[in-house]
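The values are calculated or read from the model by the stated rules, or taken from the named source; none is laboratory data. As the structure is a prediction and not an experimental result, all values here were calculated from the model. Cβ atoms come from the backbone with ideal geometry, glycine included; neighbour counts cover every protein chain shown.
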């Protein structure tokens, strides 16, 4: 077992400096004068002041109109030797605001209930709940404005400034505002290891300031989403109008805008604002926009438009799930409207199915089924693999392509995957490389490349590879027993729609003593096949990949 890693007391400062230095080195020309001044002012601070600022910037604080609020007397950091002096320098630099002028309702959340009761000029019942106490205090303050002075008589408040500038630095570094400096900590603790992909200026995701501003505007709108969804249809449409326009060549921004518009349009549907929802769906280029429009059309008795949208999807499907919807919904709609001309019931694959009765034990049903299959004949070997085997071997086989320097794919050194990994853009962006790799695939080249990467990359994060689910014995049998033609079609399906196809694969792989292999989907009592599992089984049937479903029933106690 490796020795535990002990982080330096101010590890967070080193990580902060690494982040802002990284952004300045690559994006200085895109930063505003305010953002560049923020960087210069921070770098000019004494170390204690830098530590305090990063500490406060990383904490939530009490939100206010002047920035996140903190009480100086409540701050204590062992690594900061002169905390009041550090605060003074931050105030002088404009990175903290001391005792800002604030309305009482923004100050009250900083204090405990006991402190509020002690500070009130007129006695209030201690049994009052916090919201009722604050309301009573505000009413008293309206008549006799002494509460603020009473609370702040021996307390200094600090409001963090320039946090909006750091938001820009985070966006440029992470490519989003959902991540934080925790990624550094995981690396420093040895909990995450990342592939060393190039991060040169030639492949920078952000190319101009307008692009940065539109991403920032998107996140401003996203921050309003939860409150907006609780409002009216007019509130939803107002937020939709605030969204920035997309930018040609910025697939990430288009995906984010589509995702937000789809969420807003779906809520409009729930509010029965169907025309407004349809119009918003028309501005989305990704699934399930056409599906929702088809459902809206049929709900409004516009059968012709609903069927036309299903036909459009079948002619140009974005993914298999969308195609399956159009086949099923189109047929059911046409049948109900007695307009079946050209519509046929979707074919359904009935997979080979066995039923076994097993004693009920504490182990997972998949492991019990695997043990049962191994007992069926001498030297059978069965592994519980679920989604790890085919995804994992694909990840090893295309490792270099997955981490190739596609423009816009990598923002920083801590990405498990390229930014477009789970999107429809993933395969087209690398089509030529993937097609060449698949064309080269045969049993020997596959095994050679997989084993090479397995030994060279063990433990490095890869979105397709679950290392613990790929023991060498399983890997060796799979590469030996599964034909190259099967690998090729499996890989092609996975790569074509990573987001939907990386799940739903069978639970077990069985390697019979006489050779070959079989994929087995296990279903315990009361369990049924899910749609993505059914689609995989249909795929196996089309490509003559051996498979079956094993239903498990419990033996009487």
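Scan segment 153-166 for residues that are surrounded by fewer than 17 Cβ atoms within 10 Å (Cβ to Cβ) and part of a helix (DSSP H, G or I) and the total you get is 2.
Tally up the residues in segment 198-215 that are modelled with pLDDT under 90 and assigned to a loop (DSSP other than H, G, I, E, B), please. Before you say what the answer is, go through the steps one by one.
We begin by selecting, within segment 198-215, every residue modelled with pLDDT under 90; these are 198-205.
Right, trim to assigned to a loop (DSSP other than H, G, I, E, B) and you get 198-200, 204-205.
Here the count works out to 5.
Just one residue in the set 116, 128, 95, 102 is more than 30 Å from residue 215 (Cβ to Cβ), touching a strand residue (DSSP E or B) at 6+ places or on another chain (Cβ under 9 Å), assigned by TED's automatic domain parsing to the domain that holds residue 16 and buried (at least 16 other Cβ atoms within 10 Å of the Cβ); that residue is 102. Any residue at all in segment 495-503 that's assigned by TED's automatic domain parsing to the domain that holds residue 442, at pLDDT 95 or above and not in a loop (DSSP other than H, G, I, E, B)? There is at least one residue in segment 495-503 that is assigned by TED's automatic domain parsing to the domain that holds residue 442, at pLDDT 95 or above and not in a loop (DSSP other than H, G, I, E, B).
When residue 400 is tested against (1) surrounded by fewer than 20 Cβ atoms within 10 Å (Cβ to Cβ); (2) modelled with pLDDT under 95; (3) under 20 Å from residue 195 (Cα atoms), exactly one condition is not met: (2).
Before we move on, is residue 69 within 25 Å of residue 169 (Cα to Cα) and either surrounded by fewer than 18 Cβ atoms within 10 Å (Cβ to Cβ) or modelled with pLDDT of 95 or more (or both)? Considered against the rule, which asks whether it is within 25 Å of residue 169 (Cα to Cα) and either surrounded by fewer than 18 Cβ atoms within 10 Å (Cβ to Cβ) or modelled with pLDDT of 95 or more (or both), residue 69 comes out as yes. State whether one or more residues within segment 450-458 are surrounded by 19 or more Cβ atoms within 10 Å (Cβ to Cβ), touching a strand residue (DSSP E or B) at 6+ places or on another chain (Cβ under 8 Å) and assigned by TED's automatic domain parsing to the domain that holds residue 425. Scanning segment 450-458, I find no residue that is surrounded by 19 or more Cβ atoms within 10 Å (Cβ to Cβ), touching a strand residue (DSSP E or B) at 6+ places or on another chain (Cβ under 8 Å) and assigned by TED's automatic domain parsing to the domain that holds residue 425, so the answer is no. So which residues in segment 300-310 are in contact with a helix residue (DSSP H, G or I) (Cβ under 7 Å, 6 or more places away or on another chain) and surrounded by fewer than 19 Cβ atoms within 10 Å (Cβ to Cβ)? Correct list: 300, 303, 305. Candidates 328, 285: the one that is under 30 Å from residue 533 (Cα atoms), without any contact (Cβ under 8 Å) to a residue 40 or more places away in the chain and part of a loop (DSSP other than H, G, I, E, B) is 285. For segment 345-362, the set of residues classified as touching a helix residue (DSSP H, G or I) at 6+ places or on another chain (Cβ under 7 Å) and either outside any loop (DSSP other than H, G, I, E, B) or within 30 Å of residue 311 (Cα to Cα) (or both) consists of 345, 346, 349, 351, 356, 358, listed by residue number.
Within segment 224-241, how many residues turn out to be in a helix (DSSP H, G or I) and exposed (fewer than 14 other Cβ atoms within 10 Å of the Cβ)?
First pass over segment 224-241, keeping only residues in a helix (DSSP H, G or I): 225-229, 233-241.
So of that shortlist, the ones also exposed (fewer than 14 other Cβ atoms within 10 Å of the Cβ) come out as 226-227, 234, 238, 241.
Residues flagged as in a helix (DSSP H, G or I) and exposed (fewer than 14 other Cβ atoms within 10 Å of the Cβ) within segment 224-241 amount to 5.
Annotation for segment 202-223: at least one member residue is loosely packed, with under 14 Cβ neighbours inside 10 Å and touching a helix residue (DSSP H, G or I) at 6+ places or on another chain (Cβ under 7 Å).
Within segment 135-153, work out how many residues are without any contact (Cβ under 8 Å) to a residue 40 or more places away in the chain and either under 30 Å from residue 53 (Cβ atoms) or touching a strand residue (DSSP E or B) at 6+ places or on another chain (Cβ under 6 Å) (or both). The total comes to 3.
Matching residues to (1) within 23 Å of residue 392 (Cβ to Cβ); (2) crowded, with 17+ Cβ neighbours inside 10 Å:
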residue	(1), (2)
496	yes, no
508	yes, yes
513	no, no
516	yes, no
521	yes, yes
540	yes, yes
557	no, no
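Check whether at least one residue in segment 331-341 is touching a residue at least 12 places away in the same chain (Cβ under 8 Å) and within 30 Å of the chain's Cα centre (by Cα), and report yes or no. Checking segment 331-341: not a single residue is touching a residue at least 12 places away in the same chain (Cβ under 8 Å) and within 30 Å of the chain's Cα centre (by Cα). Could you tell me how many of the residues in segment 258-284 are more than 16 Å from residue 232 (Cα to Cα) and surrounded by 15 or more Cβ atoms within 10 Å (Cβ to Cβ)? The qualifying residues number 8.
Those residues that are in a loop (DSSP other than H, G, I, E, B) and either surrounded by fewer than 18 Cβ atoms within 10 Å (Cβ to Cβ) or in contact with a strand residue (DSSP E or B) (Cβ under 6 Å, 6 or more places away or on another chain) (or both), I need them from segment 167-180; list them, please. Working first, answer last.
Initial filter on segment 167-180 (in a loop (DSSP other than H, G, I, E, B)): 175-180.
176, 177, 178, 179, 180 - these are the residues of segment 167-180 that are in a loop (DSSP other than H, G, I, E, B) and either surrounded by fewer than 18 Cβ atoms within 10 Å (Cβ to Cβ) or in contact with a strand residue (DSSP E or B) (Cβ under 6 Å, 6 or more places away or on another chain) (or both).
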